[in-house]
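Chemist: The following block contains the structure, expressed as structure tokens.
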Amino acid sequence: MSRPLVRVRRRALHRAWTWPLVVGLVCMLTWSPPAGAGPSDTGLKGALDKILADPRMDGGAVSVVVADAATGERLYQRDSGDRLMPASNTKLATSAAAMAVLGPDHRFTTDVLTTGRRMGSTLVGDLYLRGSGDPTLLASDYERLAADIAASGVERVTGRLVADDTHFDDQRLGRSWAADDESAYYSAQISALTLAPDTDYDAGTVVVEVTPGTRPGARPKVRVTPPTDYVRLDVTATTVAQDGPDTLSVSREHGSNTLTVSGAVPVGAATAKEWIAVWEPTGYAAAVFADALADHGVRVAGSPRLGRPTPPGARTLASHRSMPLRELMHPFMKLSNNMHAEAFTKAMGREVAGRGTWDAGLAAIAARLEKEGVTTSTIRQTDGSGLSRMNAFPAEELATLMLSVRDAPWFADWYASLPVACAPDRAVGGTLRSRMCGTPAALNAVGKTGSLTGASALSGYVTDAGGRELVYSVVLNNYLASSVKSIEDAVVVLLASSDTAKGSITQVAPRARTAEPETGLECSWRKPALC
């Protein structure tokens, strides 16, 4: 009778020990680290988790990576593989690819050519103005081209001025760009032949300046730069009393180059400036060049014709070359210029595939990213600038790119184009010039900013308190707060304040939210840029 009892007890004992072991083994096999977990915590994880727990991110999405720049070791990861909207952090991919594909010495050329013959001071035939995508052309550059034509002795052209923008396709606006941004200068149309009104190089735009009258009821004075009849002014605005409301507005309707200046501007108010995108930048360039020719005494018989290719065998009469790409990177990245990004994208498509299209350019960028070790199957890039809300990048891939390019021969030039925290000169600090001031990150951290409604990002490089260079990428999405910039800043300031190798971490809290600008647009996109 006792033997069966012993067997029963042994079986029960076996079951009692086996079940916890099985459960424990299953837990070990299925356990995954909590968000933010990475290497053994030296205090960095807890400190960064605390920053990212800011109530403004409740219900939002976070993707963050911090890595040792020299070794690539990930020191902190928080949902690093999640794909979020990077906004203008997309320009990190576009700019790095442009430096590799086009090369730092690449220059855009704009040529004036003809197949006609000279008869004294008369050119019998057409005059071709051919662009290759230069987004930095100014009215003064077209004036010099016209001066060169006049200096060659040409006084009359029997044919037309033909604007050749066929280096790129005729798709002017990027995929899923917002329709209500169409007249905004940061969403200007893309053409291989265009011009900018000033040295911010916002290609495809004009500047409208409105000065109030001297008394209530007077019509404001309105000026357009560059002066051109390509745009027409419809001024309904009026001057009001000094203490009256300022409701001035400048707008352009779809498909039109009529700029409507409406609302009220108080007596004594400062001159207001608005940057407005034109409709059809090729025609804009042709109109400004035609005026320059006329000013230099060169008469062209016919009206400009747009979008026709220059015939083979045409000879060059005058030419303009842009600054090299290494220099062009500065206004592009410091000021987060969208039109530069798209011109580079189409230029890469033309260089690699012989097609100046977004599809060909994005394929060229993806191929370059793969060479840098980026897992392109985990990203979606639909434009060069990040203006599209369809772009999706994980912080991990942005960090991978920034780690990889440190060995590139062009890295120093590329690195120098990144905005510098709290550097007051706009040409140095760019979109970071008012951020992280009075902290160890000032004049230390460099990075690319990114802002769309509900999407903010900051990725770059910073040296910590122990002299260790770090790569960081912070991408924040789906928040409802007006701004989360101080959360990004706190991450970078913490890194700059801490000795991460020794585990000496200085806790940093985000600064007061009231001091932050809204982040629906990049800092530099809000003209005049005061951030």
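Chemist: Which one is right for this structure if Rg and Dmax of the Cα atoms in Å is calculated from it: [x] 29.4, 102; [y] 24.8, 94; [z] 28.7, 130?
Modeler: Only one option fits the structure, namely [z].
Chemist: Let me ask you something else. Let me check I've understood the local charge: for Glu143, count other residues with C-beta under 12 angstrom from its C-beta, Lys and Arg +1, Asp and Glu -1. What total comes out?
Modeler: -3
Chemist: Using only helices, what value at 222 nm comes out for the chain when you add -39,500 (n - 2.57) per DSSP H run of length 4 or more and divide by the total residues, to the nearest 500 deg cm²/dmol?
Modeler: Values: 12 runs with 151 residues, N = 531.
So the calculated ellipticity at 222 nm is -9000 deg cm²/dmol.
Chemist: What does the charge dipole of the stretch 381-498 about its Cα centre add up to, to the nearest 20 debye, if the Cβ of each Lys and Arg holds +1 and the Cβ of each Asp and Glu holds -1?
Modeler: Rounded to the nearest 20 debye, it is 300 debye.
Chemist: Same structure again: Please give the net charge around Thr122, taking every other residue with its beta carbon less than 12 angstrom from that of Thr122, where Lys and Arg add +1 and Asp and Glu add -1.
Modeler: Working: positive: Arg117, Arg118, Arg156, Arg299; negative: Glu155.
Here the charged neighbours net out to +3.
Chemist: Something else now. Can you grab the distance from the C-alpha centre of the stretch 167-218 to the C-alpha centre of the stretch 459-504, Å, no decimals?
Modeler: If you average the Cα positions of each part, the centres end up 34 Å apart.
Chemist: Length gain on complete extension for the stretch Glu469 to Arg321, per 0.36 nm per residue less the alpha carbon to alpha carbon distance?
Modeler: That works out to 49.5 nm of additional length.
Chemist: If packing is taken as the average count of other Cβ atoms within 10 Å, what order do 471-479, 406-414 fall into, highest mean first?
Modeler: 471-479, 406-414
Chemist: Relative contact order (percent) for the chain, with alpha-carbon contacts under 8 angstrom and 6 or more residues of separation?
Modeler: 20 percent
Chemist: Further question: Treat each spin label as a single point 7 Å out from the Cα along the C-beta direction, and report the Ala218 to Leu443 distance in nm.
Modeler: For the pair Ala218/Leu443, the computed spacing is 4.6 nm.
Chemist: Grab the other residues whose beta carbon is less than 9 angstrom from that of Pro281, score K and R as +1, D and E as -1, and report the net.
Modeler: -1
Chemist: While we're here: Over the stretch 205-277, what is the percentage of antiparallel beta bridges among all DSSP beta bridges, to the nearest 5?
Modeler: In the stretch 205-277, approximately 70 percent of DSSP beta bridges are antiparallel ones.
Chemist: Right, next: Applying a 10 Å radius around every beta-carbon, put 182-188, 118-124, 91-97 in order of their mean neighbour count, most first.
Modeler: 91-97, 182-188, 118-124
Chemist: According to a simple spin-label model (label point 7 Å from Cα along Cα-to-Cβ), what is the distance in nm between Gln507 and Asp407?
Modeler: Each label point lies 7 Å from its Cα, and together they span 4.0 nm.
Chemist: So how much slack lies between Asp170 and Glu209, counting 0.36 nm per residue of separation and subtracting their Cα-Cα distance, in nm?
Modeler: 11.0 nm
Chemist: If you don't mind, there's one more thing I want to ask. Please list 128-139, 496-507 highest first by mean number of surrounding beta-carbon atoms within 10 Å per residue.
Modeler: Working: 128-139: 23.7, 496-507: 17.2.
Ranking, from highest mean packing down: 128-139, 496-507.
Chemist: Any of Lys45/Lys485; Lys50/Lys91; Lys273/Lys346; Lys346/Lys371; Lys50/Lys371 with alpha carbons more than 24 Å apart? Name them for me.
Modeler: Lys50/Lys91; Lys273/Lys346; Lys50/Lys371
The numbers here are math on the coordinates, done by the rules we state, and not lab data. This structure is a prediction, so every number in the text was calculated from the model and none was measured. Backbone-built Cβ (ideal geometry, glycine too); neighbour counts: all protein chains shown.
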